[in-house]
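Taking it in order: structure first as structure tokens, then the write-up.
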Amino acid sequence: MKGIVKQKKFIFFLFCVVFAVAAGVFCCIMNPRVKVVTQLEKSMNKGDVSAFVDCFSEEYQAEAEEMFALLDIAEMVDQLDVLGLGSANNFGVSVKMLQGEKIKTSETTSLMDVVMLEYINGVCESVDYIQMPILVEDGKEYLESMGE
Amino acid sequence: MKNWMKRIWIAVAFVAVFLLTGCGNGSTVNTYLNIDESLSGYRDMELVISESTFDDYFNGSLDDLNNVITNYIPEGMVWSVDTAISAYTYHFAIYFSSVEEYTNTVNNILGWESTINMTFPDSVWASGIYVEEDFTSEDLLYWLSDAIVEEGLVSDSYASQIFSIGDTNVVYTDMVIPTSSSIYVNEIEYVEISEINFYTERNELGAYDRTVEFVVSADSMTSKGDAIREYMDGVKPSNAEYEEETNDAGNTVFTFHGTLTDAAEMTTFMASLFGQENYSVAEPELGDASSPFVFSEYFVENMSFANYLVGNMYTDMNYLVKNSENGYQAFACNGTISSKYPGYEDTNFPGYSSLLSGSWTGEGAGPEVGILFQKYYPVSALEVSTSRSLFGKWSRETKLTIAAVPTDEEKEIILAKISAMADPLAEEAVAEESDAAESVTERMSAEASEEAPATTMDPNLQEELSIADDTEEEETFIEIEYADVDIDSESTDESWIVTIGLSGSESAMRASTELLLGAGNEMMYAAGGNPLAVVKNESYLELLDYGDFMGSVSNDYSYIYTLDLGLGAKQEYCDEGNGTATLEGGKLVVEGNSYYIDVEYAGTYIDVFAVIFWVFVGLAVLLLLWMILTVVIKKSKEKKANAPVKAVAPSAFCTNCGAPRNTDSAFCTQCGTKF
């Protein structure tokens, strides 16, 4: 072990580790992610209603459940119909939620720019620009709606 | 409702009796409207009731009738009675010191809005008397009919036979002019003015050339030519040139021309011609955004022809404008640039456009004309380059190529306007200089719901927004941040290029973009994927409406929008609006010919910091493996080196000459070879 520590390579190794950690930390700082939006994206792609509903504050959860059904069926099928592709069953439909600027509007609320990319069979077919209201309650973030 | 029915019934019966009995053998109402030159006077309504009528139809005494009159006479009316042997003559009078007072009193008695026009012009243009009313004495005495029936002095069946309409006269100075029961007297002698024309042009010196023409008919000139000339000479503005000529139609044209630099001079000129109280000019702010590349001058004129036209007399009026040779175009405008419209060509006035024309009387409000002069510097090319640094700082360079080169003075004005629009800090600094005591802190209170988008703020500016929560009274202050602004320009032989650089955070860019281009513009950036992933998703949105800002564009106008996405960018989605897009060398280029840039882009990019992370992780792993390998190899060598070696006995003979070796000596005793 003493031999390893005395080697110049070890110093270079340490140098690389330090820079890797620094670059990793910097990546995380430069690409901040709001967990609730990430959870929303995952729940929509997995079709997980409960995870989807959990993203919303209590008073909006009932509404969110209805919204999920609409998102899951109407929007996707509508898109496929528009494209003339027929039923959604044979196609892989997914969304990606890109996160933009988040602006604090009060101590507990903020507005976040979100871009929703909708993919059909891996091809991005549409882009929606949304401002999502986010509420912080007991240290946890919730959505107050799907935004506008 | 009952009263109205009764009045109508009485009025109908009144007229019927009047017609059936010739002039009504009961009582008559004669009217004398006495007026003097100061428009004061009185209206005397004389009611003569014959003794026989009184005896036949009235229940009660004369005192009873007088009591009823005393109790019921409306405010503003006075009465008296003259009792002769065979008749009782009542006088009901309304005294007034002005037409306004007379009108108010009459309105109070009638209970509805009456119209009274009264004028006694004594000028070169008109002289005589003009009186017009839309009511009769019967209307003013309806209360008496009601009262005597109400008090039982006359039965309903007889009431209609008591009063009849007599003569109506207007008495002015010594004249007694008979008229109908609803007074209309027009005894005015007019001098006809065929046309009044206004010509306006903005000249090269920035002043307005204003010409006013009065076209007077030949007949008028024949009858009152000298008086008209004397009048025109009297009203000639001090800052005007004046001439008289006869046109092809034989009419005389009096022309007044002035070069007027501002509203004050305009007022002096026009008020002299039309009277101080008959002219005003205002320079209101235009109600909507204007481009820095458009020079706008707006004023609104209100005028009345009361000094020239009396009563129903009218004249044709033409308000004409001319586009200047130095580029100023004239428009009619109603307070906003969007409401402007060019005049129409009138063949009677070659070279001029008519903004307003028609017949006008001298009564009431005269013509109101909003006139907007605008000079355009059309934009022939728009180049917009947007980029976002690795650290999230945005920058957008807008380069506008102006097809014509403005004068140096105009350039300064344009750049100052852009600076004022884009850089509130500069404006604030100017305000600070002008009023040091004034605080730069501006607090704007605004109620907003929780969903309301917050604005950003520059800490230096210390401008604050108060956003009051719907449910809580506490106020939160959010600072507005604006982008850094860099404005530059350069001239070529044929064009002038203005470059506007904005840089700052996304919020700051949004705020400054709104200042510069107005509301409704959008910009947004969003990214997604694992923070440590080398390839990440990103999306840009930019909606930039340069329409209001540019003001106008040339026929060959086009735009180029460049979005710097960086190397490794891969497009997944692009909606370039009305343009055409290409992605090459990490740059999205959209070209088109609209003033509205609308780009929605989504794709992937390579995160340099993630690459650095993985490179160092890779290097660290390699080094670690190398170090482990090195240690393993070294250990293996050391093991070999430490293995036991058998001792070899030195040779007993010299290896060179073969002579026997002496073990104690280091050299061969025969040949000297070193052992």
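The values are calculated or read from the model by the stated rules, or taken from the named source; none is laboratory data. From a predicted model like this one, the values you see are computed outputs, not experimental measurements. Every residue, glycine among them, receives a Cβ derived from its backbone with ideal geometry; neighbour counts consider all protein chains shown. The area values use the complete protein model at the heavy-atom level, side chains included, leaving out ligands, DNA and RNA. Shrake-Rupley method; radii C 1.70, N 1.55, O 1.52, S 1.80 Å.
With solvent modelled as a 1.4 Å probe, how much accessible area in total do chains A and B shield from it at their shared surface, in Å² to the nearest 100? Before the final figure, lay out each step's value.
On the way: alone 9910 and 35870 Å², together 42050 Å².
The A and B chains share an interface burying roughly 3700 Å².
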If you wrap segment B:222-364's Cα atoms in a convex hull and average its projection over all directions, what's the area in nm²?
10.5 nm²
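Can you give the helix-only mean residue ellipticity at 222 nm for chain B, where every DSSP H stretch with n ≥ 4 adds -39500 (n - 2.57) and the sum goes over all residues, rounded to the nearest 500 deg cm²/dmol? Provide the component values of the computation, followed by the final result.
Details: 14 runs with 172 residues, N = 675.
That comes out to -8000 deg cm²/dmol.
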I need the phi-derived Karplus couplings for segment B:337-347: 6.51 cos²θ - 1.76 cosθ + 1.60, θ = phi - 60°, integer Hz, Gly and Pro marked x.
4, 5, 9, 6, 8, x, x, 9, 6, 10, 5
If you build the Cα gyration tensor of segment B:106-156 and take the root of 5 times each eigenvalue, what three semi-axes come out, in whole angstrom, biggest first?
37, 10, 6
Tell me the Rg and the Dmax, in Å, that the Cα atoms of segment B:143-261 produce.
27.4, 83
In the P(r) worked out for segment B:215-290, what percent of Cα pairs fall beyond 22 Å?
39 percent
Which angle between 0 and 90 degrees, to the nearest 10, do you get for helix B:608-641 versus the longest principal axis of chain B when only C-alpha atoms count?
10 degrees
Return, for the Cα atoms of segment B:66-223, the radius of gyration and Dmax in Å, separated by a comma.
24.2, 86
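Peptide A:12-21: average number of partner chain Cβ atoms within 10 Å per residue? List each step's numbers first, then the result.
On the way: counts 6, 9, 2, 4, 10, 7, 2, 7, 10, 4.
Mean inter-chain Cβ contacts per residue within 10 Å come to 6.
Note the direction-averaged projected area, equal to a quarter of the hull surface, for the Cα convex hull of chain B, in nm². Kindly include the intermediate steps, with their values, before the conclusion.
Details: hull surface 264.0 nm².
Computed as one quarter of the Cα hull surface, the answer is 66.0 nm².
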Can you tell me the alpha carbon radius of gyration of segment B:583-675 divided by the globular rule-of-thumb value 2.2 N^0.38 Å?
3.09
What figure in square angstrom, to the nearest 10, would you give for the accessible area of B:Thr267 with a 1.4 Å probe?
40 Å²
For helix B:408-422, report the angle its Cα long axis makes with the longest principal axis of the Cα atoms of chain B; keep it between 0 and 90° and round to the nearest 10°.
80 degrees
Does any residue of segment B:529-562 lose at least 30 Å² of accessible area with all protein chains in place compared with its chain alone, and if so which ones (probe 1.4 Å)?
B:Pro531, B:Leu532, B:Asn537, B:Ser539
Among all the lysines, which ones have a C-alpha under 16 Å from B:Lys587's C-alpha, if same-chain residues fewer than 8 places away are not counted?
B:Lys570
In segment B:218-268, carbon and sulfur make up what percent of the accessible area (probe 1.4 Å)?
44 percent
